[in-house]
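In what follows, a structure is listed as C-alpha cells, so that the remarks can point back to it.
Please treat every number below as a calculation from the coordinates, not as lab data. Just so it is clear, the model here is predicted, and its values are computed rather than measured. Every residue, glycine among them, receives a Cβ derived from its backbone with ideal geometry; neighbour counts consider all protein chains shown.
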Amino acid sequence: PTRRSPTSRENSTDPLSLPLVAVSLASPHAPPRRRPCSLLPPPPHRRLSVTPVISARRGRKGMALRAAAARLASSSLRRRHGHLLPAAASASHTAFLHSHATSFGFKQVREDEKSKLVGNVFSSVASSYDVMNDLMSAGLHRLWKDRLISKLNPFPGMKHLDVAGGTGDVAFRVVERIKSVSHRATQGTLTDMEEDTHIYVCDINPNMLEVGKKRAAEKGYNEEQCLSWVQGDAEALSFEDGSMDGYTIAFGIRNVTHIEKALSEAYRVLKKGGRFLCLELSHVDVPVFKDIYDIYSFSVIPAVGELVAGDRQSYQYLVESIRRFPKQEKFAQMIQEAGFEAVEYENLVGGVVAIHSGVKL
C-alpha cells in the first residue's frame, strides 16, 4: 500500500473546532517523532553526608547518641526514596508493589480491581451521564460526536460496532446517517442494503446499557431491527474475526485496564478495509488555555458532578483519568503498533478532545 507521509499542522477553517490540528503517521514502521530533549543527564542531586560524632563513652548518653544516629540514617534513606516505603514495609505492601498495578485516576490499584472500580463509577453516573456531558462541555460533545460520524462516513448495509457506547449517543447518530444516505439515494424506500445494516452497541456496564435502551424506546428505535445492545468487555469482545466494517469508541478507551488489548480486539473484529475511530478527551497544547482548562477541570467539573449527580468522587476520577491518558502522538503510536495503517489524529478545541483514526489493511 502507498505510505502516507507525515503532514504538518494545519489550522481548520471550521469555527466550531478551532483550534484544530490534523496529524498523520506514515506507517507502523515509521520512526516515532520525538520532541527535542537534552541528551545529557541532569546533574546529580547534591547529597549532604552527616556523620554524627558519637562518644565512645559507655553509658546512657552514648547509647542515646547511637540510637539518634541510627534514626537519622534511616530517615535519610527514606527521604532519598521519596517516602515511598515506611521504615519497615509490611509483607502485604511489598506484595502489592510486586503485583501488576495500573492507574485509577491518580491512584495505583491492582489490575483486577480497576474494572470493578470503573464499573462503580459508571453505575453511579449512568442516569445523569448525558446531562453531565452537556454541562461539562457546554453542549460541544454533540458537535464532537457529529464530527466523529462524519469521519466514519457510515453507509447502508454496514456492520458497525460502537464500544463503551451504552447510552446510544454515537449509535443513534450512525443509524440516522445511514438512513439519511439511503433515503436520498432511493427516494425514501427501504432497500435490501439498508435492511442488512446492523449497529451493535457494546458496553461493559449494564446500567449504561439500560439508559441507552430507554432512550432508544423514547426515540422510536425499539422497532429498528438494525440496533443491538450487547454487554461486553472492550478487551475481550464476543464478535467474530473480521466481522465489522467500522469500530468507534467515544470517551471510553481511557477507562479500560489494558489499552493495548482493546486496540488489538478492535483490529481483530474489523474486516479488511474496516475503519477504527476513537473520540477521547485528550491533552491541551495551547499554553495559556491549558492553565485555564486545568483549573476548570479540577475545580469546576467535580463540583458540578456533586451538585447535579450527587457524586463528586466519580467526576474527580474522570478528570484524573484524562490526565493519565497517553498524549496524542503516543496514542497514535499505540494504534499503529496494534496493526492499523493510515493512522492520524485531529485535535479539536486545542486538544481538549482528539479523534484518532486508522484502517485495517
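For the reader, a short list of remarks on this structure follows.
- Every residue from the stretch 223-236 that is part of a loop (DSSP other than H, G, I, E, B) and either among the acidic types (D, E) or within 22 Å of F155 (Cβ to Cβ) (or both): E224, Q225, C226, E235
- Number of positions in the stretch 262-295 that are closer than 26 Å to Q316 by Cβ and touching an Asp or Glu at 6+ places or on another chain (Cβ under 9 Å): 2
- Reported count of residues in the stretch 349-361, each being farther than 14 Å from T248 by Cα and either hydrophobic (A, V, I, L, M, F, W, C) or surrounded by 24 or more Cβ atoms within 10 Å (Cβ to Cβ) (or both), is 4.
- In the set (1) surrounded by fewer than 18 Cβ atoms within 10 Å (Cβ to Cβ); (2) within 22 Å of D146 (Cβ to Cβ), V308 fails one condition alone, (2).
- Members of the stretch 243-276 found to be of a type in the set (S, T, N, Q) and under 25 Å from A126 (Cα atoms), listed by number: T248, N255, T257
- Lone unmet requirement of (1) in a loop (DSSP other than H, G, I, E, B); (2) surrounded by 18 or more Cβ atoms within 10 Å (Cβ to Cβ); (3) hydroxyl-bearing (S, T, Y) for T248: (1)
- Contact map, the stretch 335-361: first residue more than 25 Å from G139 (Cα to Cα) and in contact (Cβ under 8 Å) with a residue 24 or more places away in the chain, second residue assigned to a strand (DSSP E or B) and among the acidic types (D, E), Cβ cut-off under 8 Å, separation 6 or more or different chains; pairs are G358/E341; G358/E344; V359/E341; K360/E341; L361/E341.
- Residues (buried (at least 21 other Cβ atoms within 10 Å of the Cβ) and within 17 Å of R254 (Cβ to Cβ)) located in the stretch 329-348: F331, A332, I335, A338, Y345, N347, L348
- Scan of the stretch 272-288 for residues that are farther than 13 Å from R323 by Cβ and either exposed (fewer than 15 other Cβ atoms within 10 Å of the Cβ) or under 21 Å from the mean Cα position of the chain (by Cα) (or both), ordered by number: K272, G273, R275, F276, L277, C278, L279, D285, V286, P287, V288
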